[in-house]
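Colleague: My structure is below; once you've seen it, I'll send some questions.
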Amino acid sequence: NEETEIVVNVGGVRQVFYGDKLNQYPETRLAELINCLSGGYDSIFSLCDDYDPGKREFYFDRDPDAFKCIIDVYYFGEIHMKKGICPICFKNEMEFWKVDLKFLDDCCKTHLSEKKEELEEIARRVQLILDDLGVDASESRWKKCQKYIWKFLEKPESSYPARVIAVLSFLFILISSVVMCVGTIPDLQVVDAEGNRMEHPTLDSIETACIGWFTMEYVLRLISSPNKLHFALSFMNIVDVLAILPFYVSLTLTHLGAKLMELSNVQQAVQALRIMRIARIFKLARHSSGLQTLTYALKRSFKELGLLLMYLAVGIFVFSALGYTMEQSHPETLFKSIPQSFWWAIITMTTVGYGDIYPKTTLGKLNAAISFLCGVIAIALPIHPIINNFVRYYNKQRVLETAAKHELELMELNSAEGKAASFKTELEDLEREGKDGPFCNSRLKVSHSDTFIHLLSEDKHYRTRLQSCK
């Protein structure tokens, strides 16, 4: 009832509650305090950390800031998480006070789900590192070799030779792209027996060497991949195939296609395939975290990009129609139709302005000036959200990387402390049993000369929760 008074001290912060408010949610811990006094001290201490009978005050060693937010449910029927509180810790506090998560506001639930995803990503990265460091004695020699090749080609940070291979792969991509561009210079081309221009043999040899490297790299990664289907369907691996495939198709058509079709058709097919070599420039994204971050930022900015395209589409249609109508009175008009005017509107709104189509009347020039200003505004609008997404994702990746390293350091530290404590106990047992000193020293020396991470071989040293949530 209203006269029932409950005094709660949470982390040094004293709060007074009344029974009518607490009984609105009888399944919560604070509501259970009302009836626990009749159950004796066992019932009391099952709910709180300490109790003062003189003051009739319950003590809890919990976070007072989180508690101030949680008690809002008794007054407002919902909970808002205070800024600066770790969402995972706040969720744990709500579970302690037996308050359902459904009372948490939607904006706070979004923040909580984002934090959960971050922790899952940290756990995944930590697990990958542990898997790389761990050695399973039951694995076959081929499995161990497969794992070593995969780490060698996919994780440049794993060793110095892996970094060298990554740099070499990056250089081959650049050389291949430069050769593709240089090969189109007429002065560097040669003329074959039929009088057709073709790439210089030296450039062809360099191209063949680059394709050989790309092929070997792709085959080794495919063989060592733990999941072949996921590997084959990955976007970057599809890019790798598109960068390699034209070379072999062109080679096949050149040697075998002449027997099946006319030589001119073969040459046209080869030229069409050679343009697909531009796909190899996208291989740079594999070795550039900046390009990967930009790709993610564009994916997260589909809504803003869609708005940009919609604004431009509406503006192009309106201004091209107005331009065509206003320019019809001029005898030398360049606006022959509305679809032809689309080209003028596009290059005007995007501030390119080639000058091949331009207005000649006063109203047409005024229309062009307005379309130019509208185009600048429309293009500038989505830039800020895209940049924000880029910076947010880049900073998030750095935080996750740092958190994963910090997590490993804590795990190794806890493992070392546990090992030291168990070894100290073992030494004391040996001394009590009357063992000689040299035996103990040799055991100590062996323990300190051990270089493997104990955490990877002893399940009891695995930590059960992430300490990096804050």
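The values are calculated or read from the model by the stated rules, or taken from the named source; none is laboratory data. All values derive from a computational prediction rather than experimental measurement. Counting neighbours? That spans all protein chains shown, and the Cβs are built from the backbone with ideal geometry, glycine included. For the accessible areas, the whole protein counts, side chains as well, though only heavy atoms, and no ligand, DNA or RNA atoms are used. Shrake-Rupley method; radii C 1.70, N 1.55, O 1.52, S 1.80 Å.
Colleague: Hey, what do the phi angles of region 347-363 turn into as Karplus ³J(HN,Hα) couplings, whole Hz, using 6.51/-1.76/1.60 and θ = phi - 60°, x for Gly and Pro?
Modeller: Couplings: 6, 7, 5, 8, 6, 7, x, 5, x, 6, 10, 8, x, 10, 8, 5, 5 Hz.
Colleague: OK, next. Rounded to the nearest whole Å³, what is the per residue volume of the convex hull around the Cα atoms of region 28-136? Kindly include the intermediate steps, with their values, before the conclusion.
Modeller: Values: hull volume 16.9 nm³, N = 109.
Spread over its residues, the Cα hull of region 28-136 gives 155 Å³ apiece.
Colleague: Per residue, how many Å² of accessible area does region 5-61 show with a 1.4 Å probe? Spell out each step's value before the answer.
Modeller: Details: 3000 Å² over 57 residues.
On a per-residue basis, 53 Å².
Colleague: OK, next. Amide H of E57 versus every other amide H placed in the peptide plane: which residues, excluding those fewer than 5 positions away on the same chain, fall under 5 Å?
Modeller: D52
Colleague: Starting with the highest mean, order 340-350, 369-379 by the number of other Cβ atoms within 10 Å, averaged over the residues of each peptide. Can you show the working numbers first?
Modeller: Working: 340-350: 20.0, 369-379: 15.7.
Highest to lowest by the protection proxy: 340-350, 369-379.
Colleague: Right, next: Using a ≥ b ≥ c from the Cα gyration tensor of region 335-418 (square roots of the eigenvalues), is it rounded, prolate or oblate, where a/c under 1.5 gives rounded and otherwise the larger of a/b and b/c decides, a/b for prolate? Kindly include the intermediate steps, with their values, before the conclusion.
Modeller: Numbers: a/c = 7.96, a/b = 5.29, b/c = 1.50.
Judged from the Cα gyration tensor, region 335-418 comes out prolate (a/c at least 1.5, a/b above b/c).
Colleague: Can you give me the % of accessible surface on region 41-126 that is carbon or sulfur? Probe 1.4 Å, all protein chains present, nothing else counted.
Modeller: Working: 2270 of 4730 Å².
Carbon with sulfur: 48 percent of the solvent-accessible area.
Colleague: Given H placed on each backbone N at 1.01 Å, which residues far from D100 in sequence or on other chains put an amide H within less than 5 Å of it?
Modeller: Answer set, sorted by chain and number: none.
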